[in-house]
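Every read-out reported here was derived from the displayed coordinates using simple, explicitly stated rules and does not represent laboratory data. Being a predicted model, the structure only gives us computed values, none of them experimental. Cβ sites come from the backbone with ideal geometry, for glycine too, and all protein chains shown count toward neighbours.
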Ligand code: ATP
């Protein structure tokens, strides 16, 4: 479904991402994990058309989408929930959602609005409230719902659980599960690596701008050389995944 081949992205003379290749199959949940500054956001931004890749190719459902604008990507079926949510604080919940649906036909947009109101109860209760008044958890749900308003076949999310209280982190991971059940493909950057591996079909590990490993959660969490990727991000009970797994 999504194929990324040899993607390199630079900020000035610094290559923040080097020769990255990955793929996401239809209905697959793929995690992108790695330490701070590894290039995860850069990789998503290059796929999503927010920054221009210096080299490489991105194809979606066999169409070359390299360097396409975010709007063109939305029309192709690819949406991004950006880091820090980036919702419009002065606009109401409903207005934010309608903006998310600009690329779909009006009848479909109305249908999707109803669907979002039903799925995100907390948003339906604050439909006419400016988004700037939402709590962090509500704002994250709005950011995800806004992306879903374009009816994407591939949804990319950048750090969806960042800064949320544990109960809301649970909610984000439940939502990832639900979206997978709907048959949607997901590519998710997560600092909570252990938790992400639990919900992923596969994951890629980025380090210093390069993809250094790929595999299923079980395969990756067994790799001693990746231990530092998991330390510091507990699985919800304060214990790194390795410690739970016991000696190998
Ligand atoms: P984090 O989890 O901290 O967001 P990340 O894995 O998403 O990390 P990126 O944000 O992609 O990493 O950053 C990769 C590298 O590129 C880092 O060294 C970062 O300092 C640098 N970088 C990111 N954005 C810019 C920018 N706009 N200008 C210059 N350098 C940047």
Quiz item: On a 0 to 90 degree scale, rounded to 10, what angle separates helix 136-148 from the longest Cα axis of the chain?
Solution: 80 degrees
Quiz prompt | Overall Cα dimensions of segment 104-237, principal axis frame, Å, largest first | solution = 50, 29, 26
Quiz item: DSSP beta bridges in the chain, what fraction antiparallel, as a percent rounded to 5?
Solution: 55 percent
Quiz item: Taking the mean number of other Cβ atoms within 10 Å as a proxy for protection, how do you rank 189-195, 90-96 from highest to lowest?
Solution: 189-195, 90-96
Self-check item: Order of 201, 181, 158 under a 10 Å beta carbon neighbour criterion, fewest first
Solution: 181, 201, 158
Quiz item: If you count, for each residue, the other Cβ atoms within 10 Å and average over each peptide, how do 62-68, 48-54 line up from highest to lowest?
Solution: 48-54, 62-68
Quiz prompt | Share, in percent, of DSSP beta bridges within segment 150-231 that are antiparallel, nearest 5 | solution = 50 percent
Practice problem: Please determine, in degrees from 0 to 90 and to the nearest 10, the orientation of helix 106-119 with respect to the longest principal axis defined by the Cα atoms of the chain, where the helix direction is its Cα long axis. | Solution: 60 degrees
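Can you divide the C-alpha Rg of segment 88-151 by 2.2 N^0.38 Å and report the result to two decimal places?
So segment 88-151 has a normalised radius of gyration of 0.98.
From Cα pairs below 8 angstrom and at least 6 apart in sequence, can you work out the relative contact order of the chain, rounded to a whole percent?
25 percent
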Quiz item: Tell me, 178, 8 in order of fewest to most beta-carbon neighbours within 10 Å?
Solution: 178, 8
Quiz prompt | Dimensionless Rg/Rh of the chain - Kirkwood Rh, Rg from C-alpha atoms | solution = 0.96
Quiz item: For the residues 72, 98, what sequence is obtained by ranking on other C-beta atoms within 10 Å, fewest first?
Solution: 72, 98
Quiz item: What is the Cα coordinate range of segment 13-141 on the first, second and third principal axes, sorted by size from largest, in whole angstrom?
Solution: 45, 33, 26
Quiz prompt | Helix 166-181 vs. the chain, principal-axis angle (Cα, 0 to 90°, nearest 10) | solution = 80 degrees
